[in-house]
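J.: I'd like to ask some things about the structure below.
The values are calculated or read from the model by the stated rules, or taken from the named source; none is laboratory data. For clarity, every value in this text was computed on a predicted model and none was experimentally measured. No Cβ is skipped: glycine too gets one built from the backbone with ideal geometry, and neighbour counts run over all protein chains shown.
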Amino acid sequence: MKIGLFFGSFNPIHIGHCIIAQFALEQFNLDRLYFIVSPHNPFKDEKSLAPLSKRFSLVNTACLDMNYKFKVSEIEFQLPKPSYTSQTLRWLVSNDNKGDSGEREYFIIMGMDCLAQIDKWKDYEYIIDNFQILVYKRVGYNFDYSSLPFKFPVKEIDAPIIELSSTMIRERIKNKQSLKYLVPDCLLSSIKNLEYFQ
């Protein structure tokens, strides 16, 4: 079974996340794609994050509406904070297929901005030595992979560049501006009233 892992704060989830996930699913014939909601990304200020339960609920609603192969995972809720990708992956390898005879292959989905600083991640060698990396383009990060100081398997997701961010969504919520076409339609009626995203 081929499983995509899309890590993020999803503060909140927006249509850019969904497009990237769909393109990755199709291009690499993934059997399942997990949105892994991170309680606290070590590169982000925890104070800027909406409550974990609210972020998780919105991602779950979006997954149920979009694609039956999309799932939301609360795995990092059980692990120590801040959330390090390497420790999550180690847990998955040890526990995710217990009682399941099928082989599982994990594909990590990340932006070029994350790839550019992966050598700053905790235990990054474990990640690049054991997992396939699927990278999506970001504005301002058009670089040659061969220029990286280390070599590991990277494949590019052939998705359109979406210049959209959760920060922009939060600003629009704060300014009472429309979120139509920016977040999944199933979230429109609830997300604009969520004061914790302001």
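J.: Does region 44-51 contain any residue that is in contact with a Leu (Cβ under 9 Å, 6 or more places away or on another chain) and either assigned to a helix (DSSP H, G or I) or over 20 Å from Tyr106 (Cα atoms) (or both)?
T.: Yes: region 44-51 contains one or more residues that are in contact with a Leu (Cβ under 9 Å, 6 or more places away or on another chain) and either assigned to a helix (DSSP H, G or I) or over 20 Å from Tyr106 (Cα atoms) (or both).
J.: Please indicate, with yes or no, whether at least one residue in region 40-47 is at pLDDT below 90 and touching a helix residue (DSSP H, G or I) at 6+ places or on another chain (Cβ under 7 Å).
T.: Yes, there is a match, as at least one residue in region 40-47 is at pLDDT below 90 and touching a helix residue (DSSP H, G or I) at 6+ places or on another chain (Cβ under 7 Å).
J.: Same structure, new question: Can you confirm whether region 5-28 contains a residue that is at pLDDT below 90, hydrophobic (A, V, I, L, M, F, W, C) and in a helix (DSSP H, G or I)?
T.: no
J.: Let me ask something else. Scan region 113-120 and give yes if some residue there is touching a Phe, Trp or Tyr at 6+ places or on another chain (Cβ under 6 Å), surrounded by 14 or more Cβ atoms within 10 Å (Cβ to Cβ) and either closer than 18 Å to Leu187 by Cβ or at pLDDT 90 or above (or both), otherwise no.
T.: no
J.: Turning to a different aspect of this structure: For a quick check of your reading of the model, give me the residue pairs whose first member lies in region 15-37 and is more than 20 Å from Glu76 (Cβ to Cβ), whose second is among the aromatic types (Phe, Trp, Tyr) and surrounded by fewer than 18 Cβ atoms within 10 Å (Cβ to Cβ), with beta-carbon atoms closer than 9 Å and at least 6 apart or on different chains.
T.: Sorted first by the residue in region 15-37, then by its partner, the pairs are Ile15/Tyr181.
This table checks each residue for (1) outside any helix (DSSP H, G or I); (2) modelled with pLDDT of 85 or more; (3) charged (D, E, K, R).
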{"residue": "Asp65", "(1), (2), (3)": "no, yes, yes"}
{"residue": "Pro82", "(1), (2), (3)": "yes, no, no"}
{"residue": "Ser86", "(1), (2), (3)": "no, yes, no"}
{"residue": "Leu92", "(1), (2), (3)": "no, yes, no"}
{"residue": "Lys98", "(1), (2), (3)": "yes, no, yes"}
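J.: Cβ-Cβ under 6 Å, sequence separation 6+ or interchain: first residue in region 164-187 and under 19 Å from Gly111 (Cα atoms), partner polar (S, T, N, Q) and modelled with pLDDT of 90 or more. Which pairs?
T.: Ser166/Asn11
J.: For residues in region 139-166 being modelled with pLDDT of 90 or more and not in a loop (DSSP other than H, G, I, E, B), which is nearest to the chain's Cα centre (by Cα)?
T.: Narrowing region 139-166 to residues modelled with pLDDT of 90 or more: 155-160, 164-166.
Those left that are additionally not in a loop (DSSP other than H, G, I, E, B): 155-156, 166.
Details: Lys155: 16, Glu156: 15, Ser166: 12 Å.
Top of the filtered list is Ser166.
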